[in-house]
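One structure, as structure tokens, below. Some questions next.
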Amino acid sequence: VLPRTRTIAATLDVRARTAGLFTMELVPTAAGDPLVPPDLPSAAVDAAILSAEAARLLGVRGGERIEAFVSRSVGERTERQRIDLAVAAVLPAVAFARPALFVPVDLLVATENYRDGLAVPAFGWPGREPTAAAPVFAGFRMFARSIDDVAGIEAWLRGHDIEVRTKAAEIETMKAFDRNLAATFAILAAIASAGYLLSLAASLWANIERKRRDLSILRLIGWQTLGLVAFPVFQAALTALLGAASAAGLFLLAQAAINRRFAGSLFGEESVCRLLPEHYLIAFAATLAAALAAASWSAWRASRIEPWEGLRDV
């Protein structure tokens with residue numbers, strides 16, 4: 001949570017050596033700001049992080065310097081103070097669309113106080129002596145831990161008579177789309193899995209029938225029923241594990257290709273396609289369980305083979 005000053009006070013006139021004067025929004029920021037990638041340096045009182053659009057308008061990059069001006073009207077005259085700011089970094093375009101300067105809260109408070117006619121000793125700006133009372137902020141920026149928490153936080157804030165503007169409607173639309181997409185995928189996966197199980201079961205059954213004479217002779221020379229049952233079970237387990245490993249490898253290649261394709265729309269550590277380690281474990285376990293279930297029919301058939309069946313062909 002970061003406090004915000006009044007919108008009308010949260011602006012600065014900014015220019016660079018190679019560009020004209022632009023009025024830009026001031027956005028409060030601090031360490032851990034979700035809009036600022038962790039690999040970028042943080043803003044200081046004498047530095048700002050620029051949005052991609054602000055950097056484009058000013059024609060500057062990280063490490064360069066810009067001039068900012070804050071103005072106020074006193075009677076019939078206009079007073080203006082100059083702030084020399086370093087460009088600490090430039091945000092990716094997907095982080096913030098509008099031309100803006102991400103600066104510490106202290107700079108926003110200083111510009112608001114100056115516009116209210118107060119002196120700002122930290123910057124050497126003249127004005128009335130400020131009071132010792134704690135500042136009162138007009139609003140705040142808040143980020144939830146996840147999109148699932150936004151609706152609950154909004155309800156809690158409104159329950160305490162705090163009006164907020166959130167992305168709850170857009171989030172609910174995206175979650176509904178996600179649920180529908182997941183349901184569609186689940187139906188397709190269920191159909192594909194059923195076909196896989198039937199195909200594997202039929203293949204194992206046919207394999208037992210082809211090797212019926214060999215299994216009978218093994219039974220004749222002393223193999224127990226458990227050994228015959230293990231034959232299709234082991235074959236199914238090996239097929240499932242090798243197939244799951246191959247599928248995981250192909251998915252990793254597809255994941256890299258998909259994320260690279262949408263890299264321009266991603267921010268920070270975001271990704272379009274990703275599986276966590278526990279997802280791989282669940283997939284391997286489910287594949288193995290399904291394969292063993294498919295092998296149960298063949299295992300039962302193998303357990304019914306008698307030793308004398310192989311003697312007919314001797």
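The values are calculated or read from the model by the stated rules, or taken from the named source; none is laboratory data. These numbers come from a predicted model, not from an experiment. Glycine gets a Cβ as well: all are built from the backbone with ideal geometry, and neighbour counts include every protein chain shown. When the accessible area is computed, the model is the full protein with side chains, heavy atoms only, and any ligands, DNA or RNA have been set aside. Shrake-Rupley method; radii C 1.70, N 1.55, O 1.52, S 1.80 Å.
Short version: ³J(HN,Hα) in whole Hz for each residue of the range 165-176, in order, from phi by Karplus 6.51 cos²θ - 1.76 cosθ + 1.60 (θ = phi - 60°), x for Gly and Pro, what are they?
10, 10, 9, 4, 5, 5, 5, 5, 4, 5, 5, 5
Let me ask something else about it. So which chymotrypsin sites (Phe, Trp or Tyr not before Pro) in the range 200-302 pass both tests, a DSSP loop state and at most 13 other Cβ atoms within 10 Å of the Cβ?
PHE262
Which whole-Hz ³J(HN,Hα) couplings does the range 127-138 yield from phi under the Karplus relation 6.51 cos²θ - 1.76 cosθ + 1.60, θ = phi - 60°, glycine and proline marked x?
Each residue's phi maps through the Karplus curve to give x, 5, 5, x, 7, 8, 5, 5, x, 10, 9, 7 Hz.
In terms of modelled amide H atoms, which long-range or inter-chain residues lie less than 5 Å from the amide H of GLY127?
The list, which skips near neighbours in sequence, is ALA119.
To continue, here is another question. Quote the convex hull volume per residue of the range 190-298, based on C-alpha atoms, as a whole number of Å³.
111 Å³
Choose one of ALA89, ALA286, ALA299: the residue whose Cα lies farthest towards the positive end of the charge dipole of the chain (beta-carbon charges +1 Lys, Arg; -1 Asp, Glu; about the Cα centre).
The residue sitting most towards the positive pole is ALA299.
What does the helix-only formula give at 222 nm for the chain: each DSSP H stretch with n ≥ 4 adding -39500 (n - 2.57), the total divided by the residues, and the result rounded to the nearest 500 deg cm²/dmol?
Estimated from H runs of four or more residues: -16000 deg cm²/dmol.
How many times 2.2 N^0.38 Å is the alpha carbon radius of gyration of the range 67-190?
Scaled against compact globular proteins, the figure is 1.62.
Right, here's the next one. Please identify every one of the GluC sites (Glu not before Pro) in the range 132-198 that sits in a loop by DSSP and has no more than 16 other beta carbons within 10 Å of its own beta carbon.
Taking the range 132-198 and a limit of 16 other Cβ atoms within 10 Å, the loop GluC sites (Glu not before Pro) found are GLU163.
What does the convex hull of the alpha-carbon atoms of the range 4-110 project to on average, in nm²?
About 6.6 nm², averaged over all directions.
What is the set of long-range amide H partners of ARG4 at a cut-off below 5 Å, with H atoms built 1.01 Å from backbone N?
Those qualifying (amide H under 5 Å, at least 5 residues apart or on another chain) are ALA138, GLY139, PHE140, ARG141.
Here's another thing I want to ask about it. In terms of modelled amide H atoms, which long-range or inter-chain residues lie less than 5 Å from the amide H of THR11?
Sorted by chain and number, the residues that satisfy this are LEU26.
Largest first, please: the extent of the C-alpha atoms of the range 1-64 along each principal axis, to the nearest Å.
Computed over the range 1-64, the largest-to-smallest principal extents equal 34, 30, 20 Å.
Binning at 10 Å from 0, report for the chain what percent of all alpha-carbon pair distances ends up in each bin.
Percent of pairs per bin, in order: 5, 17, 19, 15, 11, 9, 8, 7, 5, 3, 1, 0.
Mind checking the per residue accessible area of the chain for me, 1.4 Å probe, whole number of Å²?
On a per-residue basis, 62 Å².
Further question: Of VAL105, VAL60, VAL164, which is the most mobile in a GNM of the chain whose springs link Cα atoms less than 10 angstrom apart?
Comparing VAL105, VAL60, VAL164 in a Gaussian network model of the chain, the most mobile one is VAL164.
While we're here: Can you work out ³J(HN,Hα) from phi for every residue in the range 190-196, in order, using Karplus 6.51 cos²θ - 1.76 cosθ + 1.60 and θ = phi - 60°, giving whole Hz and x for Gly and Pro?
Coupling constants for the range 190-196: 5, 5, 5, 5, 4, x, 4 Hz.
Putting +1 on Lys and Arg Cβ atoms and -1 on Asp and Glu Cβ atoms, find which of ALA206, VAL105, GLY127 reaches farthest to the positive end of the dipole of the chain.
Positive-end residue among those listed: ALA206.
Taking one equal scatterer on every alpha-carbon of the range 153-198, how large is log10 of I(q)/I(0) by Debye at q = 0.13, 0.32, 0.33 1/Å?
For the range 153-198, the Cα-only Debye profile gives -0.51, -1.01, -1.03.
Would you mind checking the tilt of helix 105-115 against the longest principal axis of the Cα atoms of the chain, expressed as 0 to 90 degrees and rounded to 10?
Here the helix axis deviates by roughly 30 degrees.
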